[in-house]
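Presented below is the structure to which this report refers.
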Amino acid sequence: VHPALKTLIELQQLDLKVADLSAQIEKFPAQIAALENQLDEFIHRHEDSKHRLEANRKERRDLEGDIQVMRQKISKHRDQLYEVKTNEQYRAMLKEIDGEETNIRAVEDKILERMIEAEDLQKQVTETASHLEEEKSRTAAEKGGLEKLAKADADERDGLLARRNELAATLPEKIRNTYERIRRGRGTALAEVRHGLCTACNVVLRPQLYNEVRLSESLHECENCARILYSLEALPAASPAPGQPAVAQG
Ligand SMILES: [Zn+2]
């Protein structure tokens, strides 16, 4: 067996693990952002209820102010009742006062509606306020958990990277460069051959190449995908590679 092949296989296993960990590590920021968004939305709902309650109170104060103004007007008109000269004027003034009292009742109805709304809003504000601290600490705890996992993955990846670099340094430079070049281009530099097929690109190997790969005395590249080929299959003893004489025992 070619001495570099075992190292190359191990190197590829380490590189695949590193890639897996990197993919996992990349997912953490989005997960953390989603947690923060949830909390932001909760806080936003809470603030929104508070603002609506505040607006409701202001509207009620304004409506009560309107009623004050209307009452003053009515009282002024009642005083004027004593100053009118004719029955007609008197009736007209009474009608006006009547209309103003109707208006007051309409505004009072509005105030009542706002008071009912205020009860619901107050419930919402109390409800969200009571859960706010809980939501904050839950988010912080989950975020902390994710950050811990991300750190553990990053540490593990650093360890694997250190090992793969040590391992790569033991390879002859030419082989190492070939491995890195194919890996950069194709994602993986090595392909296992099984049942005569390159398992990376699914192309059938020429029988002679298949035999040479199983002999694994030298490094061969797939003629289709250019990956370095290896086989874990034993070369059948009964069928020696073409062009090579069967070795006699003894
Ligand atoms: Zn291939």
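The values are calculated or read from the model by the stated rules, or taken from the named source; none is laboratory data. Since the model is a prediction, treat every value here as computed from it, not as a measurement. Backbone-built Cβ (ideal geometry, glycine too); neighbour counts: all protein chains shown. These area figures cover heavy atoms from the full protein model, side chains too; ligands, DNA and RNA do not enter into them. Shrake-Rupley method; radii C 1.70, N 1.55, O 1.52, S 1.80 Å.
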Residue 4 vs. criteria of a type in the set (Gly, Ala, Ser) and modelled with pLDDT of 95 or more: no
Of residues in the range 217-235 being within 19 Å of residue 13 (Cα to Cα) and aliphatic (A, V, I, L, M), the one farthest from the ligand (Cβ to nearest atom): 232
Residue 149 vs. criteria touching a residue at least 60 places away in the same chain (Cβ under 8 Å), open to solvent by 80 Å² or more (accessible area, probe 1.4 Å), assigned to a helix (DSSP H, G or I) and not polar (S, T, N, Q): yes
Some residue of the range 196-216 being at pLDDT 85 or above, small (Gly, Ala, Ser) and away from the ligand (no atom under 13 Å from the Cβ): yes
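Would you please name the residue that is farthest from the chain's Cα centre (by Cα), looking only at residues in the range 186-195 that are of a type in the set (A, V, I, L, M) and near the ligand (Cβ under 10 Å from one of its atoms)?
Filtering first and then ranking leaves 193.
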Selected residue (criterion: farthest from the chain's Cα centre (by Cα)) from residues of the range 73-113 that are hydroxyl-bearing (Ser, Thr, Tyr) and over 30 Å from residue 57 (Cβ atoms): 86
Number of the condition not met by residue 84 [criteria: (1) in a helix (DSSP H, G or I); (2) surrounded by 12 or more Cβ atoms within 10 Å (Cβ to Cβ)]: (1)
Residue list for the range 44-68, restricted to those being open to solvent by 60 Å² or more (accessible area, probe 1.4 Å) and in contact with a Ser or Thr (Cβ under 8 Å, 6 or more places away or on another chain): 45
Matching entry among 130, 218, 137 (being touching an Asp or Glu at 6+ places or on another chain (Cβ under 8 Å), open to solvent by 50 Å² or more (accessible area, probe 1.4 Å) and of a type in the set (S, T, N, Q)): 218
